[in-house]
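Everything below concerns the one structure shown next.
The values are calculated or read from the model by the stated rules, or taken from the named source; none is laboratory data. Model, not experiment: these values are computed from the prediction. Using ideal geometry, Cβ is built from the backbone for each residue, glycine included, and neighbour counts are taken over all protein chains shown. What goes into the accessible areas is simple: the full protein's heavy atoms, side chains included, and nothing from ligands, DNA or RNA. Shrake-Rupley method; radii C 1.70, N 1.55, O 1.52, S 1.80 Å.
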Amino acid sequence: MRGFAFFDRVSRAFHDYPSVPKVLVVVAVSGCGLVAYAEANPERKLASSAPVLTSAEVDNKKKKVVVLGTGWAGTSFLRNLKNPDYEVHVISPRNYFAFTPLLPSVTCGTVEARSIVEPIRKIARKKTVGVQFSEAACLKIDAVNQKIYCRSNVENNLNGQEEFVVDYDYLIVAVGANVNTFNTPGVVENCHFLKEVEDAQKIRRTVIDCFERASLPTVSDEEKKRILHFAVVGGGPTGVEFAAALHDFVNEDLVKLYPGVKDLVKITLLEAGDHILNMFDKRITAFAEEKFQRDGINVKTGSMVVKVTEKEIFTKELKNGGEVSTMPYGMALWSTGVGTRPFIKDFMSQVGQANRRVLATDEWLRVEGCDKVYAIGDCATINQRKVMEDIAAIFRKADKDNSGTLTVEEYKAVINDIFERYPQVQLYLKSKQMKNMVDLLKETPDVSKGSAELNIEDFKTALSKVDSQMKNLPATGQVAAQQGVYLAKCFNRMEDCEKNPEGPLRFRGEGRHRFRPFRYKHLGQFAPLGGEQTAAQLPGDWVSIGHSSQWLWYSVYTSKQVSWRNRALVVTDWVRRFIWGRDSSRI
């Protein structure tokens, strides 16, 4: 007992004094090894040595940045913000960051929920920037007066102070998106969603409940088949991964515990399109469909869900002339589409974006019409300007001598700025297998005849088709995380870039933009297909499918965790699953 008491004191010391140098202590107690680990944080040490200031004593010159949301976008912004000239106030209904790509693993007990979450206050305390956190939901954004209205998310008596108002100098909207039910009747009342940790835990309990109910002696065989029919609506990455994880859970773990009903289990994946995983390479789509067929997962493409009741799903079979059919089920997961949160809809109406699905921002992630408001993640999309909208301004800016034509030197002087300001130009060149814009100009009549100068009509002709390559960014954690990092770097260099702008030319104004526009760099995507096999689509159109990709998936998802604690817990969960199987309790 003395050994354990000593270990307890050491553990408390590590937690209470995180500035202690990194150390590893191994204590032998009754033949058992106990390990204590702590990691030094120089930033934390500097912060702890600074005097504690009350709100009245805070430097009035510091700008107040309010961050709404603790998802991929908001947390990435917070982790990368280093400029001490800001006071940050994070507001979110949840006080943690969740590693959402592993939510399907949580639904089946492969990974525990605590392993993929990290408290925001723990992230904030490591910052040299002053950070305050409030567990609350935003009700309204008042961009004119630079205020937001919030309601406490804490379910207790706050003496009538549940609602409060927060002022801001800069607002970062990173609240993500709701599930889009497309107003399908019965979805909200009868289907599960998979957006939050609580959703995954609820699904896990429901799966076990289905098996327990089906094992009762009073339940008929027909009712058992219905109860053990698991329907997944949506053939995207989330739906496919959940169907694969559930199949493994059932066939590797639950069949041993419920042998009497193992032959009655059925998993159906419903997709309105022609194929599942439409956003992936066709080779991955074909492999996934073939593997699911071999595994016994029923994939129904061309099936659009039109209604969901307590026990039946109604689908319109698009391949059979729109015939409506019914399908009994025990549990249904809805994993298709993203919807707009109510207060975001209200804000969009305020700023003249009422007809849009999500907030529109410029290439610097500022909400259009609001200089002090930025939006990142699934709640927003970049409204990339078209080249043809600015073609006359570009030509005037390049035509230094106002001759009405562009020389080779004048043209070359703005090429890099055009590339940086309008990414669709490079995408068009790539699609046409052109090396540079000189190849593009060769298609114009005058240049093809050997002319050294280019008039405005030829310039328009050369760039007339590049806007066809404009695409919206996908609503993924990878995009949101990169946007958060980019915006934090902008805030870190705000004053320097005001004095020395580093962005491209302002074709419709004078000087240069403060920052380079945001550019998304696709690092690849994974689609776990069960049976220790994963499909990976990596940069350069490299496709890998099989067991080797599964180990790559393990490696990437371990490295992307936000803390060493998360990495250790996730790896431990995977090892435990290999040895003892998945947890089948409802806890």
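Structure data summary
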read-out	value
V358 vs. criteria open to solvent by less than 20 Å² (accessible area, probe 1.4 Å), among the aliphatic types (A, V, I, L, M) and in contact with a Leu (Cβ under 6 Å, 6 or more places away or on another chain)	no
Residue ID - nearest to A536 (Cα to Cα), chosen from residues in the range 257-273 that are touching a residue at least 40 places away in the same chain (Cβ under 8 Å) and open to solvent by 10 Å² or more (accessible area, probe 1.4 Å)	A272
Residue within the range 70-81 that is in a strand (DSSP E or B), at pLDDT 95 or above and of a type outside the set (F, W, Y) present	no
Options I276, I227, I297, I313: the member that is touching a His at 6+ places or on another chain (Cβ under 8 Å) and either in the same structural domain as H547 (by the TED database) or of a type in the set (A, V, I, L, M, F, W, C) (or both)	I297
Hits in the range 573-587 - residues which are open to solvent by less than 100 Å² (accessible area, probe 1.4 Å) and in a loop (DSSP other than H, G, I, E, B)	G581, R582, D583, S584, S585
First in the range 318-336 and not assigned by the TED database to the domain that holds N298 and of a type outside the set (S, T, N, Q), second anywhere and open to solvent by less than 30 Å² (accessible area, probe 1.4 Å) and not in a strand (DSSP E or B), Cβ under 7 Å, 6 or more apart	none
Residue in the range 274-288 that is of a type in the set (D, E), open to solvent by less than 30 Å² (accessible area, probe 1.4 Å) and either more than 26 Å from I208 (Cβ to Cβ) or part of a loop (DSSP other than H, G, I, E, B) (or both) present	no
E502, sole failed condition from (1) modelled with pLDDT under 95; (2) surrounded by fewer than 17 Cβ atoms within 10 Å (Cβ to Cβ); (3) farther than 18 Å from L277 by Cβ; (4) out of contact with any Phe, Trp or Tyr (no Cβ under 9 Å at 6 or more places or on another chain)	(4)
Filtered residue count, the range 470-479, keeping only those that are open to solvent by 40 Å² or more (accessible area, probe 1.4 Å) and part of a helix (DSSP H, G or I)	1
Residue under evaluation Q483, criteria (1) within 28 Å of P84 (Cβ to Cβ); (2) more than 15 Å from the chain's Cα centre (by Cα); (3) open to solvent by less than 60 Å² (accessible area, probe 1.4 Å), criterion not met	(2)
Considering residues of the range 497-528 that are more than 30 Å from K282 (Cβ to Cβ) and of a type in the set (A, V, I, L, M, F, W, C) only, the residue nearest to the chain's Cα centre (by Cα)	F515
Single unsatisfied condition, Q426 versus (1) in contact (Cβ under 8 Å) with a residue 12 or more places away in the chain; (2) surrounded by 16 or more Cβ atoms within 10 Å (Cβ to Cβ)	(1)
Lone unmet requirement of (1) out of contact with any helix residue (DSSP H, G or I) (no Cβ under 9 Å at 6 or more places or on another chain); (2) touching a residue at least 60 places away in the same chain (Cβ under 8 Å); (3) buried (at least 16 other Cβ atoms within 10 Å of the Cβ); (4) within 30 Å of E212 (Cα to Cα) for K300	(2)
For P185: the one exception among (1) under 21 Å from the mean Cα position of the chain (by Cα); (2) surrounded by fewer than 16 Cβ atoms within 10 Å (Cβ to Cβ); (3) modelled with pLDDT of 95 or more	(1)
Matching residues, the range 152-166, being modelled with pLDDT under 95, surrounded by 15 or more Cβ atoms within 10 Å (Cβ to Cβ) and within 28 Å of the chain's Cα centre (by Cα)	S152, N153
Which numbered condition K307 fails, given (1) part of a strand (DSSP E or B); (2) open to solvent by less than 10 Å² (accessible area, probe 1.4 Å); (3) not β-branched (V, I, T)	(2)
Subset tally (residues that are under 38 Å from the mean Cα position of the chain (by Cα) and modelled with pLDDT of 85 or more) for the range 432-462	1
Residue within the range 353-375 that is out of contact with any Asp or Glu (no Cβ under 8 Å at 6 or more places or on another chain), over 26 Å from C150 (Cα atoms) and of a type in the set (A, V, I, L, M, F, W, C) present	yes
Test: residue in the range 140-163 that is closer than 30 Å to P84 by Cβ and aromatic (F, W, Y)	yes
Answer residue from the range 381-416, given it is of a type in the set (K, R) and surrounded by fewer than 19 Cβ atoms within 10 Å (Cβ to Cβ) and is farthest from G477 (Cα to Cα) among those	K400
Answer residue from the range 547-567, given it is in contact with a helix residue (DSSP H, G or I) (Cβ under 9 Å, 6 or more places away or on another chain) and free of Cβ contacts under 8 Å to residues at least 12 places away in the same chain and is surrounded by the fewest Cβ atoms within 10 Å (Cβ to Cβ) among those	S559
Candidate set from the range 522-537 (those that are assigned to a loop (DSSP other than H, G, I, E, B) and closer than 22 Å to N278 by Cβ); member that is least open to solvent (accessible area, probe 1.4 Å)	G524
Helices (runs of 4 or more DSSP H) wholly inside the range 116-218 containing at least 1 residues that are of a type in the set (F, W, Y)	197-214
Pair list, Cβ < 7 Å and 6+ apart or interchain, from the range 129-153 residues that are on the phi > 0 side of the Ramachandran plot to residues that are of a type in the set (D, E) and assigned to a strand (DSSP E or B)	Q146/D167
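One line per residue, one yes/no per condition, for (1) over 26 Å from the mean Cα position of the chain (by Cα); (2) part of a loop (DSSP other than H, G, I, E, B):
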| residue | (1), (2) |
| --- | --- |
| T326 | yes, no |
| F343 | no, no |
| M348 | no, no |
| A354 | no, yes |
